[in-house]
Amino acid sequence: MIVTENLTKIYTVGAPVRALDGVTLEIAAGEFVAVTGPSGSGKSTLLNLIGTLDRPTSGRIVVDGVDVGTLRGNALADFRRERIGFVFQMFHLVPTLTALENVMLPLLPYRRGLRFRLEERARELLEIMGLGDRLHHLPGQLSGGEQQRVAIARALINTPKVLLADEPTGNLDSKVGMEIISLLRQLNRERGITVIVATHNPAVAREADRIIQLQDGKIVRIINRAEEA
Ligand SMILES: Nc1ncnc2c1ncn2[C@@H]1O[C@H](COP(=O)(O)OP(=O)(O)O)[C@@H](O)[C@H]1O
Ligand SMILES: [Mg+2]
């Protein structure tokens, strides 16, 4: 499903930093994987590269059979829009749009004339997220946990095969954070979505099938929780 081969990312702002340094890994379709490691170990860089938000300095990434390094321009944007969902620590909702509008937003430019169907789908996703009574609230009128559930619904609007969540619980208290992780787990089990969560929270990582530990841009350990049990 997702293969990285010798993935390296060097940032050259000032002194060059090897944010990722030769990461080779395979993630199966339907897996729920946690990427852990200290701050600065390359977790966000890895997710951004897999999600095609950024390009590697060297190495290869294959997602769903597509060598994403070969994609350019519109093809890259289409690929990302059709197959990848993102959830971030800071939610990144548009403050002036309602929950429903935020969820519709990624597909609005592509659904002229199909707005009604899109709205139906956004409503359905928010209901699945337990927010059926918050459709017309603005982000500022929602709790952190609710905002993150809106962000997850938004990530699902394109029915992605892969959901990338970068510290999705980082701005939530631990109970609400674990509820968010349970929701991601449920989406993974019920819809077969491959989920990759970057986290420095061990309680979150324990929910994953597999834990990939990074340090200084390298994989230092892989813990297979299915085998451990
Ligand atoms: N856009 C960038 N420009 C320059 N350096 C960056 C950039 N993004 C990340 N880095 C550096 O790359 C390393 C890995 O960062 P990151 O992937 O954000 O780690 P993590 O998510 O594990 O905290 C860090 O040393 C960070 O400072
Ligand atoms: Mg990070």
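The values are calculated or read from the model by the stated rules, or taken from the named source; none is laboratory data. Here the structure is a predicted model, which is why all the values come from computation and not from measurement. Glycine gets a Cβ as well: all are built from the backbone with ideal geometry, and neighbour counts include every protein chain shown. Only protein heavy atoms, including side chains, enter the accessible area calculation; ligands, DNA and RNA are left aside. Shrake-Rupley method; radii C 1.70, N 1.55, O 1.52, S 1.80 Å.
Kindly indicate which of 183, 172, 164, 187 is within 21 Å of residue 42 (Cβ to Cβ) and either open to solvent by 40 Å² or more (accessible area, probe 1.4 Å) or among the aliphatic types (A, V, I, L, M) (or both).
164
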Quiz item: From the set of residues in the range 7-21 that are within 14 Å of ligand 2 (Cβ to nearest atom) and of a type outside the set (Phe, Trp, Tyr), which is nearest to residue 219 (Cα to Cα)?
Solution: 20
Quiz item: In this structure, is residue 93 under 18 Å from the mean Cα position of the chain (by Cα) and either outside any helix (DSSP H, G or I) or under 24 Å from residue 170 (Cα atoms) (or both)?
Solution: yes
Quiz item: Identify, please: which residue in the range 50-72 is within 16 Å of ligand 1 (Cβ to nearest atom) and either farther than 19 Å from residue 29 by Cβ or over 12 Å from the mean Cα position of the chain (by Cα) (or both) and is, among those, least open to solvent (accessible area, probe 1.4 Å)?
Solution: 61
Quiz item: Looking at (1) part of a strand (DSSP E or B); (2) touching a Ser or Thr at 6+ places or on another chain (Cβ under 7 Å); (3) open to solvent by less than 50 Å² (accessible area, probe 1.4 Å), can you tell me which one residue 35 breaks?
Solution: (2)
Quiz prompt | Pair list, Cβ under 9 Å, 6 or more apart: the range 33-47 residue at positive phi, other residue open to solvent by 20 Å² or more (accessible area, probe 1.4 Å) and near ligand 1 (Cβ under 6 Å from one of its atoms) | solution = 40/17
Self-check item: Qualifying positions in the range 194-209 - buried (at least 21 other Cβ atoms within 10 Å of the Cβ) and either more than 16 Å from ligand 1 (Cβ to nearest atom) or over 14 Å from residue 89 (Cα atoms) (or both)
Solution: 194, 195, 205, 208
